[in-house]
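What follows is a set of notes on a single structure, which appears directly below.
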Amino acid sequence: MRYSVILSAIIFAVIGYALMKYMQKEETKNQQVQSTPVPAPTALSTEAQPQEPQKESKEKSGPTEIDSYESFQKITTISKLPLIVKCSAQWCPPCKIMAPLFDKAAQELSDVASFYTVDTDTFTDVDKLNIRGIPTFIIYKSGKEVSRFSGARSYESLKNEIEKSL
């Protein structure tokens, strides 16, 4: 019995590591495909061309960390936008894979939803969130949970799952 538990833990760690490496490889491949070279500017005339005033780019921020259940309740009750909450831990390989993907989604979808993170190791009353595995993503609308999913996935899958719940 004792050996089977140890063996299971080793197998889980190896699978987690392999999944992390695979997701990193896929993300690198996606970034290479998405990066396209910018064409060099061409001068069609020597006259000065009028330029449009540059718009100030509003820098979009990433997810905000929630550190207590009281803060969590307050945020879920007063937020007008849907909330996307990622529950994870720093030691978790699938969580490490999902962190940059969640940050990217937070930046892209910040106009339609608010993004938050919960560190399951430091969050008070983590048991009240009914988390069975990490990473877990919970989507709230008007203070009520509307969707929940767990595990590592591709960026496209994460974004689709979020968008279909909005």
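The values are calculated or read from the model by the stated rules, or taken from the named source; none is laboratory data. All figures in this text were calculated on a predicted structure; none of them were measured in a lab. Cβ placement follows ideal geometry from the backbone for every residue including glycine, while neighbour counts extend to all protein chains displayed.
Any residue in the stretch 115-128 that's charged (D, E, K, R): show its pairings with residues that are assigned to a loop (DSSP other than H, G, I, E, B) and surrounded by fewer than 18 Cβ atoms within 10 Å (Cβ to Cβ) at Cβ separation under 8 Å, as long as the two are six or more apart or on different chains.
Asp119/Asp67; Asp119/Ala89; Asp119/Gln90; Asp121/Ala89; Asp121/Gln90; Asp121/Trp91; Asp125/Ser68
So which of Lys86, Lys141, Lys96, Lys159 ends up being among the basic types (Lys, Arg), on the phi < 0 side of the Ramachandran plot, over 15 Å from the mean Cα position of the chain (by Cα) and buried (at least 16 other Cβ atoms within 10 Å of the Cβ)?
Working: Lys86 fails: over 15 Å from the mean Cα position of the chain (by Cα); Lys96 fails: over 15 Å from the mean Cα position of the chain (by Cα); Lys159 fails: over 15 Å from the mean Cα position of the chain (by Cα).
Just a single option satisfies the conditions, and that option is Lys141.
Where the second residue is of a type in the set (Lys, Arg) and part of a helix (DSSP H, G or I) and the first is over 15 Å from Asn130 (Cα atoms) and at pLDDT 90 or above and lies in the stretch 68-90, which pairs have Cβ atoms under 9 Å and are six or more apart or on separate chains?
Gln90/Lys96
Do you know which residues across the stretch 99-121 are touching a helix residue (DSSP H, G or I) at 6+ places or on another chain (Cβ under 6 Å) and part of a strand (DSSP E or B)?
Of all residues in the stretch 99-121, those touching a helix residue (DSSP H, G or I) at 6+ places or on another chain (Cβ under 6 Å) come to 101, 105, 115, 120.
Phe115, the sole residue that qualifies.
For the structure I just gave you, tell me whether Ser61 is at pLDDT below 90 and either touching a Ser or Thr at 6+ places or on another chain (Cβ under 6 Å) or surrounded by fewer than 10 Cβ atoms within 10 Å (Cβ to Cβ) (or both).
Numbers: at pLDDT below 90: yes; either touching a Ser or Thr at 6+ places or on another chain (Cβ under 6 Å) or surrounded by fewer than 10 Cβ atoms within 10 Å (Cβ to Cβ) (or both): no.
No, not satisfied.
Would you check if Lys96 is charged (D, E, K, R), in contact (Cβ under 8 Å) with a residue 60 or more places away in the chain and not in a loop (DSSP other than H, G, I, E, B)?
Details: charged (D, E, K, R): yes; in contact (Cβ under 8 Å) with a residue 60 or more places away in the chain: yes; not in a loop (DSSP other than H, G, I, E, B): yes.
When the stated conditions are applied, Lys96 passes them.
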